[in-house]
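Values in this text are rule-based calculations from the coordinates and carry no lab data. Bear in mind that the values here come from a model prediction, so they are computed numbers and not experimental data. Note that we place each Cβ from the backbone using ideal geometry, even for glycine, and neighbour counts take in every protein chain shown.
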Amino acid sequence: MKRKRLMPMLLTTMLLASCGTGTPVNEATPPVAEKTEQETEQKVDRWKPAASGLAVSHIHGAGFWQDGRPVIATHAGLMEYRQDGWYELTSNRHDYMGFELVADGFYASGHPEEDSPYDNPLGVVRGTDKGETLEIRSLEGEADFHYMSVGYASESIYVYLEQATTELTPGFYRSSDGGVSFEPMEMTGIDGAGIAGITADATEPKRVFVHGPDGVLMSTDGGDTFASFIDGTDVVTMASTDEKVAYIKKGDASFELIVYDMNQETETSLELPAFADGDVPIELVFEQGRFLLATSSNSVYVFENEKWIELLTAGKVN
């Protein structure tokens, strides 16, 4: 999703700059972790190879499927990366926003494809079967959540509503029933803090983080009260996994990836790949020692086997 700054209940575009220093990227065919073909392939494969030169735009979410393959949500639907390159899902080619993987599927919002039976916007959608099956949970035709985060195991949903619906006014909301209903978050303790994004804890249903140019705030009561978690650091994106959080902070001339162990209270720094001038990390996924990273130029990187591999360069399929 594109990152914006919420200056107490007001959204303004966050403009960040980056530098081209970092870990060299391995451009060889990546050893993307997958299970065996027998385990991963469906009876009917509804994915087609993406054409060479295809332009990919508007990455509004990313993750690792249950079979380990990277997936991104784009302006024209879902794309997954296999050992021989990118593939596109041929059905449900919606313009997904707020795309978030959970243990057996995903949640998303956004806009339906042309001639779709769904109303625009989609409201809250839950997907299974790698996006082939969709279920509308609520707010179809009313809400488009660009800012939505869902706990991978807990499925607690946290959103920022930008435009009013028939029943909800703009603001922060949470859902504990899979997006069927929402209740407001009180957001006590965020006064004066710039907020660029919201991140649900992967396992703890009432733990949620907000991040921005002033650092990270954490709530343990579902977003009613917040306290400082990381001070004085410009955090551009973050992710949660089991009792760990990862965040990317902006320095004077570069970005740095930090992994914080909440049990051990220790930090580990990981060098990032070299970004093009002006490119900013906007999506970060952290799962079992692997990272998936998307940038504002629609570049995509995966970190596994102790190295970064570029899967997509400036939104163009090779």
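When the Cα gyration tensor is reduced to axis lengths a ≥ b ≥ c, the ratio a/c is 1.5 or higher for the stretch 107-249, and with a/b above b/c it is classed as prolate. With θ taken as phi - 60° and the Karplus curve 6.51 cos²θ - 1.76 cosθ + 1.60 applied, the whole-hertz 3J(HN,Hα) list for the stretch 260-266 is 10, 8, 6, 7, 7, 6, 10 Hz, x standing for glycine and proline. Shown in residue order for the stretch 77-82 are the 3J(HN,Hα) couplings computed by the Karplus curve 6.51 cos²θ - 1.76 cosθ + 1.60 at θ = phi - 60°: x, 8, 10, 10, 9, 10 Hz (x for Gly and Pro).
When you count the other C-beta atoms within 10 angstrom of each residue and take the mean per peptide, 228-236, 73-81 line up highest first as 73-81, 228-236. Using a Gaussian network model of the chain whose springs link C-alpha atoms within less than 10 Å, name the residue from Ala153, Ala253, Ala196 with the highest mean-square fluctuation. With Cα springs under 10 Å in the chain, the top fluctuation among Ala153, Ala253, Ala196 is at Ala253. When the GluC sites (Glu not before Pro) in the stretch 153-222 are filtered for DSSP coil states and for at most 13 other beta-carbon atoms within 10 Å of their beta-carbon, the remaining sites are Glu167.
Roughly what % antiparallel, to the nearest 5, for the DSSP beta bridges in the chain? Here the antiparallel bridges make up roughly 95 percent for the chain. Tell me the label only: which of (1) 49, 47, 33; (2) 53, 41, 39; (3) 90, 45, 31 is Cα extents along the principal axes in Å as calculated from this structure? Structure-derived value, by its label: (1). For Glu114, neighbours were defined as the other residues whose beta-carbon sits under 12 Å from its Cβ, and their charges (Lys and Arg +1, Asp and Glu -1) total -2.
For Phe229, the amide hydrogen comes within under 5 Å of the amide hydrogens of Val216, Leu217, Met218, counting only partners 5 or more places away or on other chains and with H modelled in the peptide plane.
For Glu186, the residues whose amide H sits under 5 Å from its own are Asp224, ignoring neighbours fewer than 5 places away on the same chain, with H placed 1.01 Å from N. Applying the Karplus relation 6.51 cos²θ - 1.76 cosθ + 1.60 with θ = phi - 60° to the stretch 312-317 yields 3J(HN,Hα) values of 8, 10, 6, x, 10, 6 Hz, where x marks Gly and Pro. When a/c is below 1.5 the answer is rounded, else prolate if a/b is larger than b/c, else oblate, so apply that to the stretch 93-188 with a ≥ b ≥ c taken from the square roots of the Cα gyration tensor eigenvalues. It comes out oblate by the Cα gyration axes. Checking the cross-link pairs Lys48/Lys250; Lys130/Lys250; Lys249/Lys316; Lys244/Lys316; Lys206/Lys316 against a 29 Å limit on the alpha carbon distance flags Lys48/Lys250; Lys130/Lys250; Lys244/Lys316; Lys206/Lys316 as lying beyond it. Based on DSSP H segments of at least four residues, each scored -39500 (n - 2.57), the chain has a per-residue ellipticity at 222 nm of 0 deg cm²/dmol.
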